[in-house]
Protein chains: 4
Amino acid sequence: MTHAIGSRRWAIADGYIPSSSASDDPALVSHESACVLNTGDTPAKVEITLFFSREPAGPFRFTVAARRTVHLRFNDLDDPEPVPRDTPYASLIEADTPVVVQQTRLDSRQPSHALLSTIAYCQD
Amino acid sequence: MTHAIGSRRWAIADGYIPSSSASDDPALVSHESACVLNTGDTPAKVEITLFFSREPAGPFRFTVAARRTVHLRFNDLDDPEPVPRDTPYASLIEADTPVVVQQTRLDSRQPSHALLSTIAYCQD
Amino acid sequence: MTHAIGSRRWAIADGYIPSSSASDDPALVSHESACVLNTGDTPAKVEITLFFSREPAGPFRFTVAARRTVHLRFNDLDDPEPVPRDTPYASLIEADTPVVVQQTRLDSRQPSHALLSTIAYCQD
Amino acid sequence: MTHAIGSRRWAIADGYIPSSSASDDPALVSHESACVLNTGDTPAKVEITLFFSREPAGPFRFTVAARRTVHLRFNDLDDPEPVPRDTPYASLIEADTPVVVQQTRLDSRQPSHALLSTIAYCQD
C-alpha cells in the first residue's frame, strides 16, 4: 500500500433512526450506520459531531485500527448522549488520518425492510 | 470548527413525489427530502430552483441556522407554488455559505415502502 | 444563473433492467432511468454508449433543452437497438455542455418494489 | 473515445452479504456486487483487498476487457478465500488503468427484497 485512501472530514446530511421495527432480530432492527474504512498503517482516531434543529451533540469518539473497518451503528452511541429516535439529524465525521465513510440505513418499520446508502461527502 | 464543510451549489437530477401512499402516517407518506447541513457559524440562506419539462419554478427560500440541519420536504413547498406530484423534476440548491446536501425519497405506493438516497452533486 | 452546473462526461457502472414486474402500472414496471439536468441557457446534446460483456452499443442520442430536465428510461431506448433485459450493462453519458446525471432503478420483481439511486460518476 | 473515464483506486466502506434469502432464484439470492466499467482501449487488471475487524484478505484478481463491464459478485470470490456472510467488511479496488466502480447490494432476507447502491469513492 503506497498511501491510505480517503479524507479527514466527512459529512452525512440525512440522519434518521426510526423508533419502530417489524422484527426484533438485532440484524433487522431499524438502524443507521457510518461505515469507516482505514486502509492506512496507523490507527484513525475518529470524532463524530451530530447536528439537529437544536444545539449539536458530541463529540462521539472511537478508533479504527490500521487496515481495519468499523461499521458503527448510530443506535449504539451513548457517550456523551444517545441519538434520539424519529428525529432528523446530520453528522460530521472527522479523523486524524485519511478514512473512507459510507452511510447506510436499514428501515424495518414495515415487514419488508428498505435500505439506503451513499458514500458520504468529503472535503479536507 | 476551523471552517464549514461543503459547497454553495448543489444539484439533484432525479426528483419525483408519488401521489399515493399505502399509509396515512405522516412519517410514511410518500415524500422526498433535501437534507441540508450547515456546520458553519453563520446562517445559510438557501434558494431552490425546480426544473421540469416546462419552465423552472422558484426560487423557494429558507434558512438553515448556524450549526443546524434542516430536512426539507419538497412536499411542503408552496411558495411560490407547490411541487406537482407524479411529475419528474430536478433541483438546484444554492446557498450563500457552504452546506452539505443529501437527497432522500420514501416511496410508499406499496405497503412496504422503498427508500433511495444519495449525496447530491456539488460544484462551486 | 451565472453558469451551468455539471460536467460533460458521466458514467454509471451498474445497469440492469429486470424483465419481470409484479405490476403492469407503467409507473411501477421495473425500469432504470438516467435523469439529466441541464441548468444552462443552451440545449444539451447527449449521447449514451452502453457497455456489456460484448461489444458496446450506441450512441443513443437525445437533447435536453435549456433549463429543463429529462428523466430518460433506458427501457425506452430502441435506436440503434433496445437494451436487453436481465443483462448487466454500464453506460457512458456524454454531453456538449455541462449537465448533471443521476441514476435510479425501480425493481418491481416483488410486490413491494425496491429502489436504488446514485449521482453518477463524472470527469471532464 | 478520447480517453478512458475513471480512476485507478476505489473504496467501498459498507460491505455486507446476508446469509439468508427468501428466494432461491439465483438472481434474487442476497448478494453484493462491485460493478466495474472499463471504457478504455486496454484491459484493466483489477485487484480487490477486503478489510474486516481482523486482518485483510486478498488480493482477489480479475480482468475487465477493453470497452467492457464486469458486475462482480462478492459472493462468488473464493481465491484466496471466500467472503464470510453476515460479517461487516469493506473493500479497496485497484486497477492498472482508469475504471469506474459502483456498489450494489440486493438484500432478500425478507420476501420483498431491498436494494442499495452508490458510486464508490475514488482517489488516484
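The values are calculated or read from the model by the stated rules, or taken from the named source; none is laboratory data. Bear in mind that the values here come from a model prediction, so they are computed numbers and not experimental data. Methodologically, a virtual Cβ is constructed for each residue, glycine included, from the backbone with ideal geometry; neighbour enumeration extends over all protein chains shown. Accessible surface is based on the protein model in full, side chains and every heavy atom, while ligands, DNA and RNA are left aside. Shrake-Rupley method; radii C 1.70, N 1.55, O 1.52, S 1.80 Å.
In table form, for the structure just shown:
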| quantity | calculated |
| --- | --- |
| Per-residue mean of C-beta atoms belonging to partner chains within 10 Å, peptide B:17-24 | 1 |
| 7 Å along Cα→Cβ, label-point gaps from D:N75 to other copies, nm, shortest first | 2.4, 2.4, 3.4 |
| Cα-derived Rg over Rh, computed across the protein assembly as shown with Rh taken as Kirkwood radius | 0.93 |
| The stretch B:40-103: relative contact order as a whole-number percent, Cα under 8 Å and 6+ apart | 44 |
| Positive minus negative residues near B:L92 (Lys, Arg vs Asp, Glu; Cβ under 12 Å) | +1 |
| Rotation relating B and C, chain C residue nearest the axis via C-beta, angstrom | C:S112, 3 |
| Cα centroid separation, the stretch C:5-27 to the stretch A:9-40 (Å) | 26 |
| Dipole of the protein assembly as shown, positive direction: furthest Cα of D:I119, B:V101, B:I5, with charges on the beta-carbon | B:I5 |
| Mean Cα-pair separation over length for chain C, i.e. relative contact order, pairs under 8 Å, 6 or more apart, % | 40 |
| Inter-chain shielding of B:97-108 (mean C-beta neighbours from other protein chains, 10 Å cut-off) | 5 |
| Accessible area buried, both sides summed, chains B and A with 1.4 Å probe, Å² | 2600 |
| Efficiency of FRET from Cβ geometry, D:R8 and C:T63, R₀ 41 Å, rounded to 0.05 | 0.75 |
| Three-way shape label, the stretch D:37-96, alpha-carbon gyration tensor, a/c 1.5 | prolate |
| Burial order of peptide ranges C:47-59, B:60-72 (average beta-carbon count within 10 Å, highest first) | B:60-72, C:47-59 |
| Gyration tensor verdict on the stretch B:1-105 (Cα atoms; rounded if a/c is under 1.5, prolate if a/b is larger than b/c, oblate otherwise) | prolate |
| Dipole magnitude of the stretch A:38-99 about its Cα centre (Cβ charges: Lys, Arg +1; Asp, Glu -1), debye to nearest 20 | 220 |
| Check: the stretch D:82-124 dipole with +1 on Lys, Arg Cβ and -1 on Asp, Glu Cβ, in debye | 300 |
| Solvent-accessible area per residue for the stretch D:49-124 (1.4 angstrom probe, square angstrom) | 36 |
| Whole-percent carbon and sulfur share, accessible surface of the protein assembly as shown, 1.4 Å | 48 |
| Net charge contributed by nearby residues that have their C-beta within less than 14 Å of D:P26 (K/R +1, D/E -1) | -2 |
| Ranked packing of C:117-123, B:32-38, most packed first, by mean Cβ within 10 Å | B:32-38, C:117-123 |
